[in-house]
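A quick write-up on the structure given underneath.
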Amino acid sequence: MNAPNDVYTHGHSDAVLRSHRWRTAANSAAYLLPHLASGQRLLDVGCGPGTISAEFAGIVGAQGRVVGLDRSQSVIDEARRHAADAGVDNIDFVIGDVYALEFPDDTFDVVHAHQVLQHISDPVAALKEMRRVCKPGGLIAARDADYAAMTWFPTNDQMDRWLSVYRAVAFGNHAEPDAGRHLLSWALQAGFADVMASAGVWCYANTDDRAWWSSLWADRITISNLAHQAVAGGHATDDELQEIAAAWRHWGVQPDGWFTVLNGEILARA
């Protein structure tokens with residue numbers, strides 16, 4: 001059977017990569033860190049610009065090895081530059097497909113995927129493939145946002161509209177924007193018997209964080225692949241997207257502005 005031809009809802013514009021570059025092992029993979037050790041081999045699926053991958057490489061040390069995998073050549077190129085600038089040399093970055101990983105069975109001690117499963121149409125198949133390349137007793141770690149569980153203050157109708165537009169575009173791509181709540185179920189469907197589920201949050205509630213987060217989403221909703229898909233799919237007009245962007249910018253300057261992103265997490269034993 002051919003692998004699904006999935007569409008990445010966000011695309012790889014700078015408005016998207018700005019948020020990816022912000023991610024660190026501490027703010028995006030804390031649930032996994034206690035399980036990492038020197039000498040491990042780790043595969044980072046959907047590694048993006050490599051900020052988390054490079055930190056993993058530092059943890060597994062010179063006796064270990066990290067492979068970062070993404071399907072975008074431009075993103076892989078950026079990840080390689082980041083690792084080189086950081087002086088990380090126990091890491092490789094490759095183009096790949098989560099449904100058909102080009103590694104032998106039982107290659108890695110840990111297989112990690114951050115904000116990946118929400119964007120694909122068959123997350124159960126992806127988890128099975130991640131398990132295939134993981135050594136018996138190793139860990140598959142996944143973390144994904146849950147859009148329907150995101151919440152903010154002050155509320156406004158246009159930000160509610162943002163959420164409905166985003167979810168409509170994602171569903172139109174046969175993806176699951178509320179993936180965080182599904183991770184445990186998907187792991188069980190994939191045949192894992194030993195799964196630990198948890199949750200973590202990102203919270204944007206100070207002046208700098210509000211400015212960064214609101215600017216990022218104002219750009220995403222108007223100039224990223226998300227915007228193009230929203231209009232092409234009939235989910236919103238260009239004028240509506242501009243109104244949503246203005247609402248994001250307005251929220252970003254409110255002194256009591258507060259936004260939380262709920263992330264589901266799983267650690268599944270291979």
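The values are calculated or read from the model by the stated rules, or taken from the named source; none is laboratory data. The structure presented is a predicted model; accordingly, all values stated were derived computationally and were not measured. Cβ atoms come from the backbone with ideal geometry, glycine included; neighbour counts cover every protein chain shown. Please note that ligands, DNA and RNA were not included when accessible areas were found on the heavy atoms of the full protein model with its side chains. Shrake-Rupley method; radii C 1.70, N 1.55, O 1.52, S 1.80 Å.
Values as computed for the structure displayed
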item	result
Model label zone, Arg269; criterion: amide N under 20 Å from point 7 Å along Cα-to-beta-carbon; scope the stretch 116-138	127-138
Ranking by accessible area, most exposed first, for Ser19, Ser13 with a 1.4 Å probe	Ser13, Ser19
Only Lys, Arg (+1) and Asp, Glu (-1) charged, at Cβ; the chain dipole about Cα centre in debye	480
Translational D in µm²/s for the stretch 76-137 (Stokes-Einstein at 10 °C, 1.306 mPa s, Kirkwood Rh from C-alpha pairs)	121
Cα pair distances of the stretch 191-245 binned at 10 Å [whole percent]	21, 31, 23, 20, 6
Percentage relative contact order, the chain, counting C-alpha pairs under 8 Å, at least six apart	22
Sequence-distant residues sharing a close amide H with Leu43 (under 5 Å, placed H)	Val67, Val110, Val111, His112
Theoretical ellipticity at 222 nm over the chain - DSSP helices of four or more residues, -39500 (n - 2.57) apiece, nearest 500	-12000 deg cm²/dmol
Summed residue charge, Cβ within 13 Å of Gly39's Cβ, Lys/Arg positive, Asp/Glu negative	+2
Top of His235, His35, His82 by mean-square fluctuation, Gaussian network on the chain, Cα under 10 Å	His35
For the chain, Kirkwood radius (reciprocal of mean inverse C-alpha pair distance, Å)	19.0
Two-decimal ratio, the stretch 24-74, of alpha-carbon radius of gyration to 2.2 N^0.38 Å	1.09
Neighbourhood net charge (15 Å Cβ-Cβ; Lys/Arg +1, Asp/Glu -1) for Arg161	-3
Portion, in percent, of the accessible area of the stretch 130-268 that falls on carbon or sulfur, probe 1.4 Å	54
Built amide H within the under 5 Å cut-off of Trp258, gap 5+	Phe153
Stretchable slack from Ala86 to Phe171, in nm (0.36 nm times residue separation minus alpha-carbon distance)	26.8 nm
Gain on full stretching of the segment that runs from Arg21 to Asp256 - 0.36 nm per residue minus C-alpha separation	82.0 nm
The stretch 141-270, relative contact order [Cα under 8 Å, separation at least 6], %	48
Degrees between helix 51-60 axis and first principal axis of the chain (Cα, 0 to 90, nearest 10)	30
Difference of contour (0.36 nm per residue) and Cα-Cα distance, Asp157 to Ala205	15.3 nm
Label-point gap, in nm, between Ser38 and Ala246 - each point 7 angstrom along Cα→Cβ	5.9
